[in-house]
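Since the structure comes first, as structure tokens, the remarks are kept for the end.
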Ligand SMILES: [Ca+2]
Ligand SMILES: [Ca+2]
């Protein structure tokens, strides 16, 4: 009985997980074939970050950030951003941009990077002052229409169904230490989130940090179960 209560408390941790993270299972399966999952692509692009893992009912989100707004670590310093991979039928017309009007539903976007038919480069230097969001032109309207395609935003609340479109993963340095300056972002371009492989458009953004989201607050019922779990653990220790 005590064991059952203890494992219930672990399960309750899963239920309060922040929705701004992407399920690690979606980031570790090859939606477009062997080696095309986000975790493998991050390693292949020369970074060391983890997207997390699922073990039974236990989730960890590795180096993912729940932040969906951003700032340059040093606004005085231009930074190089680059496309690292594209695993999608719409890839030629993909676009990446940023916006600084954080409250508008349709903010003005500065497009900086794009796929082979977009007319934009695959590497660009940016300099942005203040807080910004990222915009992704999905390319779903086909050739010649890159700038008319459906746009998705890093701020989930701007998307039609408030859906989370992007995995945001913090950099690790060569010593395997987390850094707050530098991110990989990888988007899902499918209508209604498509196949949820989130590997469709992957970019590395030098010199950027994600502004952390709000911590999830456990619901009262969860707190009660957690308390019971702790009690059970104490009793187990006593009897051991
Ligand atoms: Ca996809
Ligand atoms: Ca894909």
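Just so it is clear, none of the values below were taken in a lab; they were calculated from the coordinates. Everything quoted here is computed from the prediction, not taken from an experiment. FYI the Cβ positions are ideal-geometry reconstructions off the backbone, even for glycines, and counts take in every protein chain you see.
Scanning segment 160-188 for residues that are within 16 Å of ligand 2 (Cβ to nearest atom), touching a strand residue (DSSP E or B) at 6+ places or on another chain (Cβ under 6 Å) and part of a loop (DSSP other than H, G, I, E, B) turns up just one, 165. Examine segment 167-185 for a residue that is within 14 Å of ligand 1 (Cβ to nearest atom) and without any contact (Cβ under 8 Å) to a residue 60 or more places away in the chain, and state whether such a residue exists. Taking every residue of segment 167-185 in turn, none turns out to be within 14 Å of ligand 1 (Cβ to nearest atom) and without any contact (Cβ under 8 Å) to a residue 60 or more places away in the chain. Among the residues examined, residue 39 does not qualify as buried (at least 16 other Cβ atoms within 10 Å of the Cβ) and more than 28 Å from residue 89 (Cα to Cα). For segment 101-119, name all the residues that are buried (at least 16 other Cβ atoms within 10 Å of the Cβ) and either in contact with a helix residue (DSSP H, G or I) (Cβ under 6 Å, 6 or more places away or on another chain) or closer than 22 Å to residue 182 by Cβ (or both). Listed by number, the residues that qualify are 111, 112, 113, 114, 115, 117, 118. Exactly one residue among 124, 135, 146, 88 is within 16 Å of ligand 1 (Cβ to nearest atom) and either buried (at least 21 other Cβ atoms within 10 Å of the Cβ) or under 20 Å from residue 202 (Cβ atoms) (or both), and that residue is 88.
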